[in-house]
Amino acid sequence: MSDSITITRPDDWHLHLRDGDMLSGVLPYTARQFARAIVMPNLAPPVTTTAAARDYRARIMAALPRGFDFTPLMTCYLTDDTDAEDIAQGFANGVFTAAKLYPANATTNSAHGVTDVANIRGVLERMAEIGMVLCVHGEVTESDVDVFDREAEFIDRILAPLIADLPDLKVVFEHITTAQAVDFVTQAGSAVAATITPQHLHINRNAMLVGGIRPHAYCLPVAKRELHRLALRAAAISGSPKFFLGTDSAPHDRAAKESACGCAGIFNAPFALESYVTVFDEEGALERFEGFASHYGPDFYGLPRNTDTVTLRRTEHVVPDCVDAAGKPVVPFHAGETLGWAFEG
Ligand code: DOR
Ligand code: ZN
């Protein structure tokens, strides 16, 4: 049983960094562990143009404390009115790495999202031509669809037809939560991949609802039944390059989570690698952790792998109940639990 693991420095292929004080508060947690991150554009207002992404990237770099080497990879929030020419220019100029499809009203700050993928057919065609990745929040939004079925319905109603229509489009099905998504991605061609969060590998829906309602276990897509968690764990440790790390770390201050209408989002950045490596360890798959965490993401995006390394050591430590994010209390994933691995740097 190895007591430490050293791997190529990982990247986070799905991250919410927010803006302003919250950005300054949460960025060091991610920059400590990851070299790069795909930064979500769901600010208020959302990042919908090359100019807005350039400005946001500058704010992120200004918030980065000295001594950190971190590169934010920017995404464009797609709307019904996205200008294909603008995002193609932004991609060519190295401002955008990917574009994000939020079905309108699927989640936090998605009100300006796409109401029908037919409205962005031209944008997607252009993205397929230039090799720009589409990141997808895969949930339907119809009010008659049960919240636990929204991902599976999205596959049948939206994703499968989209991929059949544009087979060359590179698609990341983000933060997958179901066995149906695992099966779909496994069977799809090499242009389709998925990210998996730490929380969906650790918790099922009982974590939200048994013994009291637990807002810090609530995110979207919501955690599903145990059989789905087991399918996600099998996919993550499978060694398939179609499944890679994306935390979906989504900080909200404590009061916004512990409310009559609590926000969706789990803040897992402070102990993200410790959380993931625990899963690989429990599954007896430590030798496949590096592929998932550090290789398959850059390979899919066509970016170079990082050249430096990080080390995690088998050491027990208790996760704090709350961390400070520039003066705001935020409850981290695994709060109060003992983790068996520590990040050494
Ligand atoms: O739980 C979530 N939180 N899911 C999302 O899709 C958005 C995110 C956020 O921005 O808070
Ligand atoms: Zn997200």
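The numbers here are math on the coordinates, done by the rules we state, and not lab data. Please read these numbers as outputs of a predicted model, since none were measured by experiment. Neighbour counts run over all protein chains shown; Cβ positions are idealised from the backbone, glycine included.
Farthest toward the dipole's positive end in segment 270-345, which of Gly297, Pro320, Gly340, given Cβ charges of +1 (Lys, Arg) and -1 (Asp, Glu) about the Cα centre? The residue sitting most towards the positive pole is Gly297.
Between the beta carbons of Glu282 and Glu85, assuming R0 = 51 Å, the FRET efficiency works out to 0.60 to the nearest 0.05.
Stokes-Einstein diffusion for segment 286-345 at 4 °C, viscosity 1.567 mPa s, with a Kirkwood radius from C-alpha pairs, works out to 92 µm²/s. Between Arg305 and Arg214, the FRET efficiency from the beta-carbon distance, with R0 = 51 Å, is close to 0.85. Here the translational diffusion coefficient of segment 179-323 follows from Stokes-Einstein with Rh set to the Kirkwood radius across Cα pairs; for 25 °C and 0.890 mPa s it amounts to 150 µm²/s. The fraction of Cα-Cα pairs per 20 angstrom bin, counted from 0 for the chain, comes to 33, 62, 5 percent, rounded to whole percents.
Taking packing as the residue-averaged number of other Cβ atoms within 10 angstrom, the listed peptides 221-234, 157-170 run from highest to lowest as 221-234, 157-170. Given R0 = 51 Å, the distance between the Cβ atoms of Arg225 and Ser4 translates into a calculated FRET efficiency of 0.90. Once the Cα-Cα distance is subtracted from the 0.36 nm per residue extended length, the Ala51 to Arg66 segment shows a gain of 2.9 nm.
Net charge dipole, the chain: roughly 600 debye, given to the nearest 20, about the Cα centre with Cβ charges of +1 for Lys and Arg and -1 for Asp and Glu. The packing ranking, built from the mean of other Cβ atoms within 10 Å per residue, places the peptides 119-126, 304-311, 31-38 in the order 31-38, 119-126, 304-311, highest first.
Take 82-91, 1-10 and order them by the average number of nearby Cβ atoms within 10 Å per residue, most first; the result is 82-91, 1-10.
With neighbours defined as other Cβ atoms within 10 Å of a residue's Cβ, the residues Cys76, Cys322, Cys219 order from fewest to most as Cys322, Cys219, Cys76. Entry note, the chain: the mean residue ellipticity at 222 nm calculated from DSSP H runs of n ≥ 4, each adding -39500 (n - 2.57), is -8500 deg cm²/dmol after division by the residues and rounding to the nearest 500.
Along the positive direction of the dipole of the chain (beta-carbon charges: Lys, Arg +1; Asp, Glu -1; about the Cα centre), which of Thr50, Ile237, Gly20 reaches farthest? Selected residue: Gly20.
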